[in-house]
Ligand code: CA
């Protein structure tokens, strides 16, 4: 939950103090946390040791130029990098060199455009991370000898496939993804039945739970997976 509220962090690698200050001010106004590095070496060090959501990188920098900084960051991190360059002719070089930059802006940059680019690049990269995490997480859910393969829509217990109806499967998946959370019948109706649930009543939840349980459990009177919290609801653990 606090993920969205947490301030995104931007590293500004910029040797011109005035520009750095202007960027810092605008980032702060836009709700970002920021750090400034005044030369290439400091920029690289900060990029590799801090956890930034985006790096804004000048090209012409003392100690190590932006090309080199970018290349070295890319060897270790996939943090989005926006290159800021004063010379339009450098843009081709930036893109052609394949140093791993995600975007570029030319100086002097209109601040609102730069802020929009920063926002878009951060959003894209966090979406990619969420998707990657979701894919790896959601493929297979294992609860002891119960294995739910969501990519194949297949459920096995003790390596034996279980024949579930669509609704039983959806109910199982929903609760298995939220293991330990107790759901009331009304919540399950809303989450799993959704629109249909609007016309249904909570007894369809009880019926589906009971059928699912008879397929899931060795002994329905001593459940190992699908539990009832009396007077509250159901949960999987
Ligand atoms: Ca510079």
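Each reported figure results from applying straightforward, stated rules to the coordinates on display, with no laboratory input. The structure displayed is predicted, hence computed values, not measured ones. Here the Cβ is made from the backbone with ideal geometry for all residues, glycine too, and neighbour counts use every protein chain on show.
For the chain, the equivalent ellipsoid derived from the alpha-carbon gyration tensor has semi-axes of 53, 19, 15 Å in decreasing order.
Extending 7 Å from Cα along the Cβ direction at residue 71 and again at residue 160 yields two label points whose distance is 6.2 nm. Against the chain, whose longest principal axis comes from its Cα atoms, helix 166-177 is set at around 50 degrees.
Summarising the label geometry, the points placed 7 Å from Cα in the beta-carbon direction at residue 16 and residue 107 lie 0.4 nm from one another. Relative to the longest principal axis of the Cα atoms of the chain, the long axis of helix 111-138 lies at roughly 30 degrees.
Using the rule -39500 (n - 2.57) for each DSSP H run of four or more residues, divided by the residues of the chain, the 222 nm mean residue ellipticity is -14000 deg cm²/dmol.
Remark: the residue 186-residue 86 segment gains 30.1 nm on full extension, using 0.36 nm per residue and subtracting the alpha carbon distance. Each of 60, 129 was scored by other Cβ atoms within 10 Å of its Cβ. Arranged with the fewest first, they read 129, 60. Axis angle, to the nearest 10 degrees, between helix 88-97 and the longest C-alpha principal axis of the chain: 50 degrees. Put a dot 7 Å past the Cα of residue 222, heading toward its Cβ, do the same for residue 149, and the two dots end up 3.1 nm apart. Secondary structure note: in the stretch 24-124, about 0% of the DSSP beta bridges are antiparallel.
In whole angstrom, how far apart do the alpha carbon centroids of the stretch 150-173 and the stretch 176-194 sit? The stretch 150-173 and the stretch 176-194 have Cα centres spaced 17 Å from each other. Each peptide among 79-85, 169-175, 49-55 gets the average number of other Cβ atoms lying within 10 Å of its residues, and from highest to lowest they stand as 79-85, 169-175, 49-55.
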